[in-house]
Structures are given as structure tokens and as C-alpha cells.
Ligand code: TYD
């Protein structure tokens, strides 16, 4: 009886939380810490990233790692296809099952990176919002480009074709001009714990957890 009733109870939809910023801002560390915090509150959490490791995402990654990007039109096409599959096969089913989804990059990355490569930022937003779930909250982890590059150098895994100073400055400028009510700028030039504290304050204020 109880089991039947439980299986008939619709899940409360989960929240979609997105982390954005130029490379080297510490997105993945912050995502892991936030996932730990949420799981300690009995929330089921999935973490993931874009571009995915599916065929469309890999095409963009492999080109960038070889030092030579695809044309910006091809990037847009591949990354939209990658995101379409991600939303349909992973993000939406997880949210519908009541899980929170924490993403390392989403369509704000396309607005910032392909926007900084010459595409119209508003048009990119529209193309994505035709099919992509709007985040419940997004964090733009903001650090100076020089600091991000120092961190990338310290990691020692070389630079891909996206990781050039002038280009990353242009990307940061696009992020700084975005205005969505659910997008929160986080000063990310502090310690890991300080940054996480700022993230959690927003989660509490905006999503009540
Ligand atoms: P990144 O998060 O840096 O992956 P990894 O840490 O595994 O190398 O993503 C790779 C690059 O893809 C990054 O420099 C930004 C770029 N990118 C876009 O240009 N547009 C997009 O829509 C997305 C999701 C990523």
C-alpha cells in the first residue's frame, strides 16, 4: 500500500545549477564542494559538464586540443547538437526524477566563447533557449584573466586553442555584460572555501537550501 502510494507520488522537480567562467576559475572544485553540501541535506545530485564526451562534443574538444579550432559556425553547430542530446538524454530526465543537476558549462559558455569569436550573442541565446532548460541558478566565477592563465600554467597541462589571453579577455567581457535574473557573479579570486561560501549563500537565498 505504502509502496504503491509512494510510486504514484510525483517527484518534485530538481534544480539546474550551472557554473560558468573562463578556463582556470575553479569551476569543477566548486561543483564538487556544492554537491557534497547538497548531498548532506539528502538531495540527490548529478554533476556533469559540457562539451560532453559524446561525438559532437568530442569533435570540438579534439580540434581545440590539436591547437586549431573549428570554424565558429561549425563550433556552434556541433555544440548545439551536443547540448540538444545532453538536455534530452541526461539533464531533463534527471530533473524530472527530482535530482539536482550541477553543470560545468552550459549555453552561457556558447554565448561567451562563440560570442567572443564573432557570433551575435543574443542570437546564440535565442537558439539555445529554444530547447535548453533555463537554469534555476548560474554562477559566473569571475577572476582576472592573468590569474586564470597562471593557474592553467601551474597545472602544466598546456594550453588548448581557446586558452589565449586576448581571447579569454574578450570571453570575460561577454560574461560581464550578461544580464539574467538567475545569473550571479561570484568573486572567485579568494580561497576555495571563501568562494564556496559565496556560492552557498546564493543557493540558500535563491533556492532555499
Ligand atoms: P572545458 O570546460 O575547458 O573542458 P576541459 O576542462 O575538459 O578542457 O571546455 C572546453 C572548451 O570548450 C572551453 O575552452 C570552452 C569551450 N566551449 C565553447 O566554446 N562553447 C560552449 O558552448 C561550451 C560548452 C564550451
**Prompt:** Hey, among 103, 95, 79, which residue is within 13 Å of the ligand (Cβ to nearest atom) and in contact (Cβ under 8 Å) with a residue 60 or more places away in the chain?
**Reply:** 103
**Message:** Looking only at region 32-65, count every residue that is more than 11 Å from the ligand (Cβ to nearest atom) and touching a residue at least 60 places away in the same chain (Cβ under 8 Å) and tell me the total.
**Reply:** 7
**Fill in**
Checked against (1) in contact with a strand residue (DSSP E or B) (Cβ under 6 Å, 6 or more places away or on another chain); (2) surrounded by fewer than 20 Cβ atoms within 10 Å (Cβ to Cβ); (3) within 17 Å of residue 16 (Cα to Cα), residue 142 satisfies every condition except (3)
**Asked** Can you pull out the residues in region 91-111 that are touching a strand residue (DSSP E or B) at 6+ places or on another chain (Cβ under 7 Å), part of a helix (DSSP H, G or I) and closer than 20 Å to residue 27 by Cα?
**Response** 91, 108, 109
**Prompt:** Out of the residues in region 162-196 that are modelled with pLDDT under 95 and surrounded by 15 or more Cβ atoms within 10 Å (Cβ to Cβ), which is nearest to the ligand (Cβ to nearest atom)?
**Reply:** 162
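The values are calculated or read from the model by the stated rules, or taken from the named source; none is laboratory data. Bear in mind the structure is a predicted one, so any value in this text is a computation, not a measurement. Here the Cβ is made from the backbone with ideal geometry for all residues, glycine too, and neighbour counts use every protein chain on show.
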